[in-house]
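The structure appears right after this line, and notes come after that.
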Amino acid sequence: MRVYLDANATYGPLAEIEHKVQSLLAQSYNPSSVHAEGQSARATIESARDELAKLIDAPKSSSRIVFCSGATEANNHVVHLPFLSPNGYGSEVNHIVTTALEHPCIIEPAKSIPGVKTCFVRPNNSFQITPEMITEHVSEDTKLVSIMLANNETGQIFDVASIASAVRAKNPKALIHCDAAQAVGKIPVSYTELGVDLLSISGHKFGALTGIGALVISDAVESKPYIAGGAQEHRWRSGTENVVGIGSIGLASKCHQLNGINIQRAMLAEKEMLLSVLSEISDIEHHIPTDISTLPNTINVRVHGIKADDLVVALDLAGVCISSGSACSSGKPLPSPVITAMGFSEEHAKETIRISTRGDHTDAEIEFAANQIKGAIERMRSKRAA
Ligand code: PLP
């Protein structure tokens with residue numbers, strides 16, 4: 001038996017997409033071509049755009065969805081966006097405000113743009129990022145404020161709507177961005193209610209194929225492509241479109257519109273079953289206090305005395321997929337920057353595991369996984385003690 005509990009790394013294609021892969025492949029023509037094959041590919045793209053817009057409540061009258069390769073590209077585009085004009089880089093005092101909990105595809109570009117000062121806000125003692133903690137750093141030089149909706153490692157959900165409205169009041173010219181890569185498909189996401197200018201989406205985090213994502217952009221934002229050389233995606237993102245990937249986002253969006261609430265309930269039921277078994281194990285420490293909202297599918301805990309990487313390997317051999325920290329940064333033997341940014345030690349971070357449910361397992365499968373997790377921890381601890 002294999003039980004997949006690593007949905008935050010990638011959800012895996014929804015069954016609906018697996019069933020329709022052949023018909024998606026048949027659409028893989030150039031959507032810019034005028035012939036019927038091209039126009040059929042174009043229709044697939046436009047229908048996917050409509051379905052995604054419905055899922056995330058992005059009005060066609062005031063915003064557009066630009067498909068790209070994923071949230072990494074969308075986030076890099078956003079960080080560079082204020083500076084993508086002649087003399088934009090390093091020509092004046094520029095300022096970005098974000099948090100130290102963001103994904104590396106925000107943190108790294110924000111650190112590397114010439115002439116840009118970036119402020120990385122850290123959570124307070126109660127693990128929150130409040131509007132005041134952000135606006136304190138916003139000035140008239142601030143060009144961009146970027147806050148994630150849900151953290152990939154801890155599952156913590158941030159009050160982006162309140163932060164956006166406080167930032168708008170202080171500097172109406174600053175662009176406001178939200179990285180919603182981990183939120184779409186796990187909680188209801190409304191672009192309109194968040195009140196941001198830009199929203200990043202990752203297809204494979206909610207059941208579409210890997211290598212496809214989108215950036216939602218308010219019509220008030222001046223068009224500045226990050227990848228130039230063609231006029232695709234309303235001139236916002238050049239390159240022949242990934243028709244199969246885009247088609248899969250359309251199907252995943254439709255599926256979450258119809259069944260999202262049930263998927264989210266099932267994720268939570270799996271999480272609760274796992275939490276109840278984890279509570280029987282000694283010396284397990286939860287990072288996020290229970291009064292803070294978290295994703296319905298994410299568990300992030302320190303297992304005292306056990307190296308998370310060793311536990312992940314042991315569980316893989318036992319048929320259970322979990323991860324230590326963020327999959328995007330695994331391979332690097334570094335402690336999770338998210339856990340250390342929350343004020344925990346490096347040793348603490350190295351003993352941290354992430355379990356993220358998908359909501360499609362039977363009770364017997366979850367029970368099997370929970371027992372494997374418990375058994376592996378007990379075996380590794382007794383080996384250490386021997
Ligand atoms: N933003 C967050 C919060 C993520 O968790 C991830 C991936 O884990 C990304 C961005 C990057 O997404 P993608 O894999 O679509 O490039």
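Bear in mind that the values in this text are calculations on the coordinates, not laboratory data. Because the structure is a prediction, the values reported are computed rather than measured. Don't worry about glycine lacking a Cβ; one is built from the backbone with ideal geometry, like all the others, and counts go over all protein chains shown.
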Exercise for the section: Please build a GNM for the chain, connecting alpha carbons under 10 Å apart, and tell me which residue among 276, 47, 356 fluctuates the most. Expected result: 276
Practice task
Please state, rounded to one decimal and in Å, the Kirkwood hydrodynamic radius that region 1-92 gives when every pair of distinct Cα atoms enters the mean of 1/r.
Solution key: 16.8
Fill in the blank from the handout: The residues 271, 383, 205, sorted from fewest to most surrounding Cβ atoms within 10 Å, come out as 383, 271, 205
Exercise for the section: Using the number of other C-beta atoms within 10 angstrom as an exposure proxy, rank 254, 173 with the fewest first. Expected result: 173, 254
Completion exercise
In region 1-85, the trypsin sites (Lys or Arg not before Pro) that sit in a DSSP loop and have at most 13 other Cβ atoms within 10 Å of their own Cβ are 2, 60
Exercise for the section: Considering Cα pairs under 8 angstrom that are at least six residues apart, work out the relative contact order of region 196-268 and quote it in whole percent. Expected result: 25
Practice task
Work out how much length residue 32 to residue 219 would gain on full extension: take 0.36 nm times their residue separation and subtract the Cα-Cα distance, in nm to one decimal.
Solution key: 65.0 nm
Completion exercise
Largest-first semi-axes in Å of the equivalent ellipsoid built from the Cα gyration tensor of region 116-156 are 21, 13, 8
Handout entry: Kirkwood Rh (inverse of mean 1/r, distinct Cα pairs), region 252-319, angstrom
Key = 14.2
Problem - Gaussian network model of the chain, Cα within-10 Å springs - most flexible of 145, 313, 167 - result: 313
Problem - Karplus-derived HN-Hα couplings along region 104-113 (A = 6.51, B = -1.76, C = 1.60, θ = phi - 60°), whole Hz, x at Gly and Pro - result: x, 6, 9, 4, 5, x, 5, 7, 9, 6
Problem - Average silhouette area of the chain, convex hull of alpha-carbon atoms, in square nanometres - result: 19.4
Problem - Separation of the residue 190 and residue 286 label points, Cα + 7 Å toward Cβ, nm - result: 2.8
Practice task
Please list, or write none, the lysines whose alpha carbon is within less than 20 Å of the alpha carbon of residue 20, excluding same-chain residues fewer than 8 places away.
Solution key: 205, 254
Handout entry: GluC sites (Glu not before Pro) within region 201-300: DSSP coil, no more than 12 neighbouring Cβ in 10 Å
Key = 222, 280
Completion exercise
Across 190, 23, 146, the residue with the highest GNM fluctuation in the chain (Cα network, 10 Å cutoff) is 23
Problem - Kirkwood Rh, angstrom, region 103-233 [1 / mean 1/r, Cα pairs] - result: 15.8
Practice task
With only alpha-carbon atoms counted, please give the Rg and Dmax of region 172-329, in Å.
Solution key: 19.3, 58
Handout entry: All lysines inside 18 Å of residue 170 as judged from Cα atoms, apart from same-chain residues fewer than 8 positions distant
Key = 143
Completion exercise
Residue span residue 276 to residue 108: 0.36 nm per residue of separation minus Cα-Cα distance leaves a gain in nm of 56.7 nm
Exercise for the section: Extending each Cα 7 Å along its Cβ direction at residue 85 and residue 371, get the distance between those two points in nm, one decimal. Expected result: 6.4
Exercise for the section: With an 8 Å cut-off on Cα pairs and a minimum separation of 6 or more residues, tell me the relative contact order of region 42-156 in percent. Expected result: 25
Exercise for the section: Compute the Cα gyration tensor for region 286-386, then decide on rounded, prolate or oblate, letting a ≥ b ≥ c be the square roots of its eigenvalues: rounded whenever a/c is under 1.5, prolate when a/b is larger than b/c in the other cases, and oblate in all that remain. Expected result: oblate
Practice task
Would you mind ranking 178, 255, 321 by Cβ crowding within 10 Å, fewest neighbours first?
Solution key: 321, 255, 178
Problem - Computed over the chain: relative contact order in percent, which uses C-alpha pairs under 8 Å that are six or more apart - result: 23
